[in-house]
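One structure below.
The values are calculated or read from the model by the stated rules, or taken from the named source; none is laboratory data. Not measured: the values here are computed from a predicted model. Because the Cβ atoms are built from the backbone with ideal geometry, glycine has one as well, and the counts that use them run over all protein chains shown.
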C-alpha cells in the first residue's frame, strides 16, 4: 500500500471512530424529542399539532444559541492541534462557553414565556397557540441545561473522546421517557399534566444531561487534569470575544437553516391541523436521518481543526473529504428507505389502522417522498459547513445560508404551496431547493479553501 493510500485509510478509521459516538449521541438527543412526540401523539392530533408549533418556536431560539456555544469545539480543536498540552487555554475556552450559555439563555427564555403571543402574531390558529403556551412555559427551562451540556460535549469531542457524552445522552433517554409517562399521564401519584408535563419532562431531562456531563469531566482521569470548573467566575474577555466572533456566524447560519423549517411549519399551520401533524411526523423522521451527517460534520470540524492548528495542509483536505464521503453515503441509503418503506417509519408515531389518522398518514407519505429528494443535499450542506468550521471559516457560509434558505428556499416553497396549489408538498419542495443551493455554495467554497493553498504552515487563514 502506498503512503498516500495508507494516510487515507488511517484518516477513514480516525473519522469513523470519532464520528460514531457523536452520531449516536445526536441520535440519543433526537430520541428524547422523538419520545416526547410518541407520548404527545397519544393525546391526539390537536396536542401533536400544538406541540409542533411550540417546539418550532423553541428551536428558533435554542438552535441559534446552540450554534454560538458549539464554537467551543473548533476553538479547542485548533488549540490542541497547535499544542497538545494547552490545558489553561482549553479550560478558559470552556469557561467562556458556559458564560455564553447563560448569557444567551436569559433573553431566549423571556421571549419564550410570551410564546402564545408570538404564535398569534405569526397568525397561527388561536386554539393551537393556547394549547402550546403551557408547553412552552415548561419547555423553556430546558435551554440552560441543554446549552451547558453542549459546551461540555464540545470539550470532550474536541479532545476526540466523545463516548462519555454518549453514555450521558443514552441515560437521559430512559430518564426522559419515564418522566413523560409520569407527568403527561399522571402516574405514580402525580397529576396528569398533559402538554405541560411533556415540557417539564424535557426540562428536567436537560438538567440531568448537564449534571451528568459535569460529573464526568470532574471525575474522569483524562478530563480531570483540565480542572474545568476551577475559577469559573474569572472572565477572559479576549477569549470571550473570539468565541462570539467565531460563534455568532455559526449561530446565524444555524438560525437561517432552522427558521426556514420553522417558517415551513407556520406556513403549513395555515393549512390545517392534519397538514401540521403530518409535517411534524415527516420532519422528525428527516431530522433523525440528518443526525448522522451532522455527527460526521462535527467530527470533520474536529479533525480539520486539529490539522489546521498543526498547519498540515494535506491533512486538512484528507480529513474533510473523508467525512464528506461517509456522510453522503449514509444519506443516499436514507433516501432509499424513505421512498420504499415510508409507512413503516410513520407507524412509530401514528396508528396506521385508526381511520382518524388516515389524512395525516397520506400527507406524511407525500412529504417523505420529497424529503428523500433532499437527503443528499441536506447532508452536503451540513458536512461542508462542518469542514469549513474546522478552518474557522464561518462568515461566508453564514451568508450562503441566508441567501439559500430565505432568498431562494422560502419564496420557492410559498409559491409552490399557494400559487401552484401544491399545499404542504410545495412547502417541502421549496426546502429542497434552498438546501440544494446552500450545498452547492459551501462545497464550492471548501474546494477553493482546501485545494488552492489558502493556509500557511502556521494554520492561519490568508483571506475569506
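Do we have any residue at all in region 257-266 that's in a helix (DSSP H, G or I) and without any contact (Cβ under 8 Å) to a residue 40 or more places away in the chain? No, there is no match, as no residue in region 257-266 is in a helix (DSSP H, G or I) and without any contact (Cβ under 8 Å) to a residue 40 or more places away in the chain. On inspection, residue 190 fails the criterion of being crowded, with 16+ Cβ neighbours inside 10 Å and either at pLDDT 90 or above or not in a helix (DSSP H, G or I) (or both). Just one of the numbered conditions (1) at pLDDT 80 or above; (2) farther than 25 Å from residue 99 by Cα; (3) surrounded by fewer than 20 Cβ atoms within 10 Å (Cβ to Cβ) is not true of residue 63: (2).
Being at pLDDT 85 or above and surrounded by fewer than 24 Cβ atoms within 10 Å (Cβ to Cβ) is the requirement here; does residue 92 meet it? Quick ask: steps written out before the conclusion?
On the way: at pLDDT 85 or above: yes; surrounded by fewer than 24 Cβ atoms within 10 Å (Cβ to Cβ): yes.
Considered against the rule, which asks whether it is at pLDDT 85 or above and surrounded by fewer than 24 Cβ atoms within 10 Å (Cβ to Cβ), residue 92 comes out as yes.
Yes/no matrix, rows are residues, columns are (1) at pLDDT below 95; (2) not in a helix (DSSP H, G or I):
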| position | (1), (2) |
| --- | --- |
| 365 | yes, no |
| 376 | yes, no |
| 379 | yes, no |
| 383 | no, no |
| 389 | yes, no |
| 392 | yes, yes |
| 402 | yes, no |
| 410 | yes, no |
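Every residue, every condition in (1) touching a helix residue (DSSP H, G or I) at 6+ places or on another chain (Cβ under 8 Å); (2) in contact (Cβ under 8 Å) with a residue 60 or more places away in the chain; (3) not in a helix (DSSP H, G or I), yes or no:
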residue	(1), (2), (3)
57	yes, yes, no
75	yes, yes, no
91	no, yes, no
100	yes, yes, no
107	no, no, no
119	yes, yes, no
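Listed residues 246, 240, 209; which is over 19 Å from the mean Cα position of the chain (by Cα) and either over 16 Å from residue 150 (Cα atoms) or in contact (Cβ under 8 Å) with a residue 60 or more places away in the chain (or both)?
Step by step, each of 246, 240, 209 is checked, and only 240 is over 19 Å from the mean Cα position of the chain (by Cα) and either over 16 Å from residue 150 (Cα atoms) or in contact (Cβ under 8 Å) with a residue 60 or more places away in the chain (or both).
Per the listing 215, 219, the residue uniquely without any contact (Cβ under 8 Å) to a residue 40 or more places away in the chain and over 27 Å from the mean Cα position of the chain (by Cα) is 219.
When residues of region 284-317 are filtered for being surrounded by fewer than 23 Cβ atoms within 10 Å (Cβ to Cβ), in a helix (DSSP H, G or I) and more than 20 Å from the chain's Cα centre (by Cα), how many remain? Residues that pass the stated criteria total 5.
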